[in-house]
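The values are calculated or read from the model by the stated rules, or taken from the named source; none is laboratory data. These numbers come from a predicted model, not from an experiment. Counting neighbours? That spans all protein chains shown, and the Cβs are built from the backbone with ideal geometry, glycine included.
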Amino acid sequence: KMFCIEHWNVEPDILCLGKAFGGGIMPAGAFIGSDKLWKPIFNNPFLHTTTFGGSPLACAAAIATINVICEERLSDLARITGDIFLAKLKTTIKPYTPHITLDARGKGLMLALEFVDTDVGFRVSKGLFRERILVAGTLVNAKTIRIEPPLTITLEQVDLVITALDKVLKEISNEI
């Protein structure tokens, strides 16, 4: 499954693609719409125009990205690696639940850790940064942090993240 919507029986009117669509190096995006949305545009193609769209270089990057995702079966790899990663996250946080951690969840390689409060999430994030693991908050909130590795992450790299997380959680647990 390439898109999260494929995990549920959902057929969206609009699907937007961006960021990774350009292979991480070119600004590229796409708008995919249902027949209901596209049919009115067919009669008047000037309803939606752009002054900067259709860059041949960006389009080439997007096509190459799609080819790599399909040929290397990166969606399958993300599911398999993500399932393993999530199971390891759940096991790692268990001794720290509910006094530090509340939950580990996600789909594929879009994973999240939820903490008892923003301060703890910030401390975990800071500790992981020190261990050279990049994570992100959710918007401006560190109560839940995101772990979003590249689709090509190896199981050895997953283990490095888990080891770093366990080290940081132990440190915080000893301080509390």
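Can you name the residue in the range 155-176 that is closer than 14 Å to T101 by Cα and surrounded by 15 or more Cβ atoms within 10 Å (Cβ to Cβ) and is also farthest from the chain's Cα centre (by Cα) among such residues? Among those that are closer than 14 Å to T101 by Cα and surrounded by 15 or more Cβ atoms within 10 Å (Cβ to Cβ), it is I172. Given the residues T92, T81, T101, which is the only one that is at pLDDT 95 or above, hydroxyl-bearing (S, T, Y), surrounded by 14 or more Cβ atoms within 10 Å (Cβ to Cβ) and within 26 Å of I5 (Cβ to Cβ)? The unique qualifying residue is T81. For the range 104-157, a tally of residues being among the aliphatic types (A, V, I, L, M), touching a residue at least 12 places away in the same chain (Cβ under 8 Å) and within 26 Å of L74 (Cβ to Cβ) returns 15.
Which ones in the range 95-147 are over 19 Å from the mean Cα position of the chain (by Cα), assigned to a loop (DSSP other than H, G, I, E, B) and not aliphatic (A, V, I, L, M)? Listed by number, the residues that qualify are T97, P98, H99, D117, E131. The residue of the range 120-154 that is surrounded by the most Cβ atoms within 10 Å (Cβ to Cβ), among those that are within 16 Å of T92 (Cα to Cα) and among the small types (G, A, S), is G121.
For L57, the criteria (1) surrounded by fewer than 13 Cβ atoms within 10 Å (Cβ to Cβ); (2) touching a residue at least 24 places away in the same chain (Cβ under 8 Å); (3) under 30 Å from L165 (Cα atoms); (4) not polar (S, T, N, Q) hold in every case but one, which is (3).
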